Amino acid sequence: MRVRPDGSKPFVDQVGDEQSLTALYLVTVCDMSAVREGVWTSWKAKLLSELYSAARNVMRHGLDIQRGSVAEEVERVAPLLSEIEGGRDRAEEFIRGMQAEYRRSVPAAEIAQHLEIVDKLQLGEMEFRWLIEQKAGFVILTLLTHDRSGLLADASGLLIAQGIGIREARIFTRSDGVVIDRFRCEDIEPTRLSIGKRLEQIPDLWSQLNSGKLHMEELLTRFQRRGRHEQNRVGVVDPGVSVHPSSDGAVIDISAEDSIGLLYRLCSVLSDEGFEIRSARVIGRLDGILDSFLVQDPDELLKAADQIEELKLKLREAAEQKC
């Protein structure tokens, strides 16, 4: 029986066997569906399904399935690191240090590029790097830098201030304090200044924000004054905020009508309240947003029920605001 350093047992060991896992999955679906309308969402269904499938695979094949996944990714990434000494070992070390979702969602070529940038960040050769890739109809932007309070709020605020709407985001925080934030975006502000020109400005604006030469409120005010962005999408998802405390923080799920600047407002609330975002999955759909944040709670604010309700209220208020 495996035991973690803190004395707890891995999920699959706590469940025991595949029959118990299936029963637990079905009971959880029924239980959450019966609470009240809007609690059980397609987003939560997807997360639960992913957990069930991953746990079942481990029960059937053991942890070798995870090692196999890492090995396959190393085989794809290592040939792209020919200029790095010990490229294969470095690739394996880097990939093992990232979450499984990172390996699944990021192409091998990008992983190789991220590895080289992370090495430079760790050596102090750069403070940050924005990677920008324009595709047909959308843009992929990736920020690599050292973590700090309010980082995700500032990144999302900067993008919206440039007329770039975030449709999907994956936020990864490494154990060494380096963050890899990957955004799938679209142009929401047709202006005389092309999206290419606005994208080119992002690194310089980010540098000014970090140095204090520029403030986010100024950028957002400029955006609001331009007033040429697209109208907010019509949302039909059931709005709601759920907070699930854990031993060192909480998982916060938010569903709401989409609106311009929503991610910035939500992240600002979490940062202002003293919560550190360790990872996040942000999904923007035609019927609204389904966001999930894993936060650390260093001051243990979420140990009390009234603090949880206060946080949920502030997040709901932020979701209802309009940019």
Among the numbered criteria (1) in contact with a helix residue (DSSP H, G or I) (Cβ under 6 Å, 6 or more places away or on another chain); (2) part of a loop (DSSP other than H, G, I, E, B), which single criterion is violated by M98?
(1)
Out of I195, I164, I180, sole residue that is within 20 Å of L270 (Cβ to Cβ) and surrounded by 14 or more Cβ atoms within 10 Å (Cβ to Cβ)
I180
Among (1) without any contact (Cβ under 8 Å) to a residue 40 or more places away in the chain; (2) out of contact with any Ser or Thr (no Cβ under 6 Å at 6 or more places or on another chain), the one test that L159 misses:
(1)
Note on region 268-323: residues within 17 Å of G240 (Cβ to Cβ) and acidic (D, E) are D287, D291, E309, E310, E317, E320
Restricting attention to region 256-274, and to residues there that are closer than 19 Å to R170 by Cβ and not hydroxyl-bearing (S, T, Y), which single residue is surrounded by the fewest Cβ atoms within 10 Å (Cβ to Cβ)?
D258
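To keep it simple, each residue is scored yes or no on (1) closer than 20 Å to L262 by Cβ; (2) part of a strand (DSSP E or B); (3) not hydroxyl-bearing (S, T, Y).
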site: A153; (1), (2), (3): yes, no, yes
site: S156; (1), (2), (3): yes, no, no
site: S175; (1), (2), (3): no, no, no
site: D204; (1), (2), (3): no, no, yes
All conditions in (1) of a type outside the set (F, W, Y); (2) surrounded by 13 or more Cβ atoms within 10 Å (Cβ to Cβ); (3) under 25 Å from C185 (Cβ atoms) are true of E133 except (2)
Specify the residue that is surrounded by the most Cβ atoms within 10 Å (Cβ to Cβ); the eligible residues are those in region 278-297 that are within 13 Å of R184 (Cβ to Cβ) and at pLDDT 85 or above.
V282
Suppose we keep only residues that are surrounded by fewer than 17 Cβ atoms within 10 Å (Cβ to Cβ) and not hydroxyl-bearing (S, T, Y) within region 183-192. Which one would you say is modelled with the highest pLDDT?
E186
When both residues are 6+ apart or on different chains and their Cβ atoms are under 6 Å apart, which pairs have a first residue that lies in region 29-55 and is over 24 Å from E101 (Cα atoms), and a second that is modelled with pLDDT under 75 and part of a loop (DSSP other than H, G, I, E, B)?
M32/V39; M32/W40; S33/W40; G38/D238
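The values are calculated or read from the model by the stated rules, or taken from the named source; none is laboratory data. Everything numeric here is computed off the predicted structure, so don't read it as measured data. Ideal geometry is used to build each Cβ from the backbone, glycine not excepted, and the neighbour counts take in all protein chains shown.
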